[in-house]
Amino acid sequence: MANQIPDEIQNDPQLTKAIEQLPWNYNFEIRKTIWKIKQAGAKRVALQFPEGLLLYACVISDILERFAGATSIIMGDVSLPRDHAKNSRLPSCCVDDLTAKALGADFMVHYGHSCLVPIDVTTIKMLYVFVDITIDVSH
């Protein structure tokens, strides 16, 4: 199956050790991301994080560069003025594919909640990672 993550990614002990640097209860879908980057043949990957996940951006970037073989660009949220009179902002779920492309990216990973711009209308190849967070309610 084309979308199944290969065993060499699933069972890589060095990758497992690298992923252990991230919080155990956050699922950043690292293995899936590596596979999608490799499938796309991407060379430069834009990683867009919401403010609350930016503290993990460098670790994720290092892991992806090491195991996917592509360089990465870390980007924050899009927070563009929508209406100058009200000084409201576009929500952080907006994908900034235009900036990613302008920075030379050929693939983009958007972390966190999203308004889900269809991947067939973005200017570069996309992967959405929603980041499941497990909470121990008995703790």
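Here are some notes:
- Checking the stated criteria, Ser72 turns out to be under 15 Å from Asp106 (Cα atoms) and in contact with a strand residue (DSSP E or B) (Cβ under 7 Å, 6 or more places away or on another chain).
- Hits in the stretch 107-139 - residues which are charged (D, E, K, R) and either in contact with a Cys (Cβ under 7 Å, 6 or more places away or on another chain) or surrounded by fewer than 16 Cβ atoms within 10 Å (Cβ to Cβ) (or both): Asp120, Asp132, Asp136
- Matching residues, the stretch 103-123, being among the aliphatic types (A, V, I, L, M) and at pLDDT 95 or above: Leu103, Ala105, Met108, Val109
- Only listed residue being modelled with pLDDT of 95 or more and within 13 Å of Met108 (Cα to Cα), chosen from Leu15, Leu55, Leu64: Leu64
- When residues of the stretch 4-14 are limited to those that are part of a loop (DSSP other than H, G, I, E, B) and without any contact (Cβ under 8 Å) to a residue 24 or more places away in the chain, the one nearest to Leu64 (Cα to Cα): Asn11
- The stretch 45-62, residues that are closer than 18 Å to Tyr128 by Cβ and in a helix (DSSP H, G or I): Glu51, Gly52, Leu53, Leu54, Tyr56, Ala57, Ile60, Ser61
- Residue in the stretch 98-112 that is part of a loop (DSSP other than H, G, I, E, B), aliphatic (A, V, I, L, M) and touching an Asp or Glu at 6+ places or on another chain (Cβ under 8 Å) present: no
- Taken together, the residues in the stretch 87-102 that are under 25 Å from Leu22 (Cβ atoms) and either small (Gly, Ala, Ser) or at pLDDT 95 or above (or both) amount to 2.
- Tally, over the stretch 15-31, of residues that are in a helix (DSSP H, G or I) and touching a residue at least 40 places away in the same chain (Cβ under 8 Å): 3
The values are calculated or read from the model by the stated rules, or taken from the named source; none is laboratory data. Quantities reported herein were computed from a predicted structural model and do not represent experimental measurements. Positions of Cβ are generated from backbone atoms using ideal geometry, with glycine treated the same way; all protein chains shown enter the neighbour counts.
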